[in-house]
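Every read-out reported here was derived from the displayed coordinates using simple, explicitly stated rules and does not represent laboratory data. Note that the coordinates shown come from a computational prediction; the quantities given were computed from them, not determined experimentally. Cβ atoms come from the backbone with ideal geometry, glycine included; neighbour counts cover every protein chain shown.
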């Protein structure tokens, strides 16, 4: 009885706390973005090698070893090519074009390449992949692969580019709107004018296909072979090759 009385005389028991809850919905979209860089006459460190370090493999022996005087970054100068009335001759510019791409798109990205205008009559341009497979699209990697063709270019164009080469042609759609070469762009990939286009405008040869988000930059490179046929006439053509970077 004494114990019970002591308990009854203690403080009243506290009421249980009551909680109520609300909620807020949070949502957002992460836009696809891409950083793309282009170098010509590229090195293993992905930089322009400089005009004094041009290598032109020439199985026909008809092009200058170091090309012409215009080999600054984003300009490929094959130099003066001596044609033949008997057969097509060719010059292969090794490590001609390299690209670096970083993208957050989970579906990856593609790089296409094409000429903004048709080449002069009697000439043709072939691209050759610089990776282990040697085929297009090139497998992009953390380090860029350099050419193994120094001194020995692919067979001269004879109707189809040799050794898994891709025949670069005018794609019929001018994307660069008359702009000059562009080296570096950090862009939100909405439909755009200029050097970069939306997925709806994919044209040309598929240079690179990367199937997932590239959180760090991945790189790919190629050689270019200029073929000069028996019907080529004198002149100094300037041709723009557009690289089209497309988020998937």
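Starting from the Cα of residue 121, step 7 Å toward the Cβ, then list every residue of region 213-248 with an amide N under 20 Å from that point.
It comes to 227-239, nothing else.
With contacts defined as alpha carbon pairs under 8 Å and 6 or more residues apart, what's the relative contact order of region 30-74 in percent?
Numbers: 43 pairs, mean separation 16.2, N = 45.
RCO, region 30-74: 36 percent.
Along Cα→Cβ, 7 Å out, is where each label goes; now give me the distance between the ones at residue 155 and residue 72 in nm to one decimal.
Between residue 155 and residue 72, the simple spin-label model gives 3.9 nm.
State whether region 22-70 is rounded, prolate or oblate according to the following rule on the C-alpha gyration tensor (a ≥ b ≥ c being the square roots of its eigenvalues): a/c under 1.5 gives rounded; otherwise a/b larger than b/c gives prolate, and the remaining case gives oblate. Each step should come with its number before you reach the end.
Numbers: a/c = 6.04, a/b = 4.59, b/c = 1.32.
It comes out prolate by the Cα gyration axes.
Order of 100-107, 123-130 by packing, highest average Cβ count within 10 Å first?
Working: 100-107: 18.2, 123-130: 22.8.
Going from most to least packed, we get 123-130, 100-107.
Can you tell me the length gained on complete extension of the stretch residue 143 to residue 47, counting 0.36 nm per residue apart and subtracting the Cα distance? Provide the component values of the computation, followed by the final result.
On the way: separation 96, 0.36 × 96 = 34.56 nm, distance 1.20 nm.
The residue 143-residue 47 span can extend by a further 33.4 nm.
Using a Förster distance of 45 angstrom, determine the FRET efficiency expected from the C-beta separation of residue 20 and residue 211, and round it to 0.05.
Efficiency at R0 = 45 Å is approximately 0.40.
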